[in-house]
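The values are calculated or read from the model by the stated rules, or taken from the named source; none is laboratory data. Only a predicted model underlies this, so the values are computations on that prediction, with no experimental measurement involved. Cβ placement follows ideal geometry from the backbone for every residue including glycine, while neighbour counts extend to all protein chains displayed.
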């Protein structure tokens, strides 16, 4: 079959090249439509109770993760000139398309009691802008007397202040986000230049916009670096530019198909799918190098280009297809999840791994049977002395020092197992960004001055309509808020309680000492003022209505407690919620019939990461099963499955140990590595096992002779492939994203380890457990042997080539 396929490809090369060129043009036309994703996919299942409740929360109270904050800490901002610039910045930002609202010092409203209408009116403190420094200082004393804003807009300890912009979700989740963020940051930068006051930025809109921009830039960077790295590697191996240019052109063609397929499938580029073009280059090049190195080996024997290439396709076609299948298994397992971001990553990668195999096995025979035959100098890599010496050393270890190998493997396994116990599962909201990035440094600024900016929400359900207006229920909420204020990682809560405290302060003409809940005698007066305030026409009444609606539902049964939290990591967040907040909630509300639930983007993010890690662990188990199934189908031997999976389990165990000893936490980005590594590392096991089975037949079933030949011949291409993959994945170590960097480092580490496990440990297992010449014949029906000793098939090939030689080579 494979011989006929090779002849078909060479005979019909013009038609095939035109067909591939036409498909590439079509895919390139589609690829130009590719878009970045701005709506970061939810990881938690839509039917998860916490997700259902969060969606209900957003319907009742609005979005919690659409606030962008700009902060500064400089006393000169309260100088008249700089304060005027701050006013101009605030006014300008309020007019930016995509900004729904803005809250800052220059626009602060305060509740004022109107005894004539017996209402509260929300009046801007800076209704008239101050003309002198004395006037500004006087108004700032009014600002500082508003207890409601302390810890929200102005830090009571450091004097830092911020601007809070409420973003329109329609803009945040579309391509317009970039333009909006660019305009906002541009205005802020101009303010900074005019006043020399440093600005800091935070909030989920800013974090997501920054990550989206970096994903786009890194995608281009990785493709460029990968091409350069692969070009240097190919030139080092084959020492001819034809062996560099054409394999790279082939994989670049596949990259075009890859991006085009994303568009056809309706997918957008995100943090994971943005890695696929580079991964396809790294995985596609070994197909070319493996085929090219075998072509050089066979050409040196036969001296005929077409015969050599046809033999290569016949010999390694099925094995290479199986290798690509095991590689694809590392990605296809993600398609078994119901997580959109993982499914898309797995689907696109799997499809294009097989595309890379097909395109390389069509174009490589065509190109290298047209080009001039390799020169003796270009064939020198087949006798590379350092590589030969290394393989001879491996052969010595396998045949003479198996006990030492087993002992070393046992020691490393024990050490790795200890390291695995040190691996911690933890993730952060801005986990993937480097610690020294501007996003992280700005986040630290807000955590230092305001305790954090990540959203956290609590909803108190009184169980009865208008239950929120009962003083005893308000006092319970107040007790909870006082406890929350004692937590150093939480901001000052905002709720109906804090609003009523502000109303009480306003009722007593703004005296800060009256910032408290009204007592029984005061409650009716304050609530009646608030009730009449909602009917006041104009901006002042609308603002009061908006504030009330954001704190309670329409029935007055539920109250929202909104606060922000520092990015303390999933473990600390879990401790805070389960060991501190929930026990306090139980103490305060036990026996009251009231229910308190925690929700918000931060809670869902943490739960999503836990769910994602659990899903990836299941995917690894599925990957082991599928790789074992492929081996069973290929070799029809349970022992072959054992020989394949044990060395690869050893590789993954050592990779996990490295994570533990180097403090690399288990999170979605690092859990992803194991399934991919298993698929790629499994290639080497299948390749070596297939070659060993073939050599067993050729060498009269003498195990040691078969092992020696297998290591000397298959070992070369396996080391070449490992070097290519190692260098290719090491490119990801240059990423600014922690997860992508971990992917590069850990994949590179596993590729180094797999050389030990598949070129030393696996051969040792074969020598120890495989039956020798005195045993029954091994079932070889699952895979066709390939070697030059198959004279009949080679004679048929030469006969067929003789008939078509003139037409093919003369065309």
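Give me the residue from segment 656-704 that is touching a strand residue (DSSP E or B) at 6+ places or on another chain (Cβ under 9 Å) and in a helix (DSSP H, G or I) and, out of that set, modelled with the lowest pLDDT. Going through the qualifying residues, I end up with 671. Looking at segment 50-64 only, could you name the residues that are assigned to a helix (DSSP H, G or I) and on the phi > 0 side of the Ramachandran plot? Correct list: empty.
Only a single item in (1) surrounded by 17 or more Cβ atoms within 10 Å (Cβ to Cβ); (2) out of contact with any strand residue (DSSP E or B) (no Cβ under 9 Å at 6 or more places or on another chain) is not met by residue 97, and it is number (1).
Within segment 121-137, the set of residues being without any contact (Cβ under 8 Å) to a residue 40 or more places away in the chain and in contact with a strand residue (DSSP E or B) (Cβ under 7 Å, 6 or more places away or on another chain) comprises 124, 125. Looking only at residues in segment 325-359 that are within 20 Å of residue 687 (Cα to Cα) and modelled with pLDDT under 90, the one that is surrounded by the most Cβ atoms within 10 Å (Cβ to Cβ) is 330. Being more than 19 Å from the chain's Cα centre (by Cα) and under 24 Å from residue 260 (Cβ atoms) holds for only one residue in 307, 363, and it is 363.
Take the residues in segment 508-526 that are in contact (Cβ under 8 Å) with a residue 12 or more places away in the chain and not in a loop (DSSP other than H, G, I, E, B); name whichever of them is nearest to residue 482 (Cα to Cα). Only one residue fits best here, namely 512. Whether a residue is part of a loop (DSSP other than H, G, I, E, B), at pLDDT 80 or above and more than 24 Å from residue 58 (Cα to Cα) was assessed, and residue 233 does not pass this test.
For residue 500, the conditions (1) touching a helix residue (DSSP H, G or I) at 6+ places or on another chain (Cβ under 7 Å); (2) in a helix (DSSP H, G or I); (3) in contact (Cβ under 8 Å) with a residue 40 or more places away in the chain are fulfilled apart from (3). As for segment 396-417, it holds no residue that is at pLDDT below 85, over 28 Å from residue 658 (Cα atoms) and surrounded by fewer than 18 Cβ atoms within 10 Å (Cβ to Cβ).
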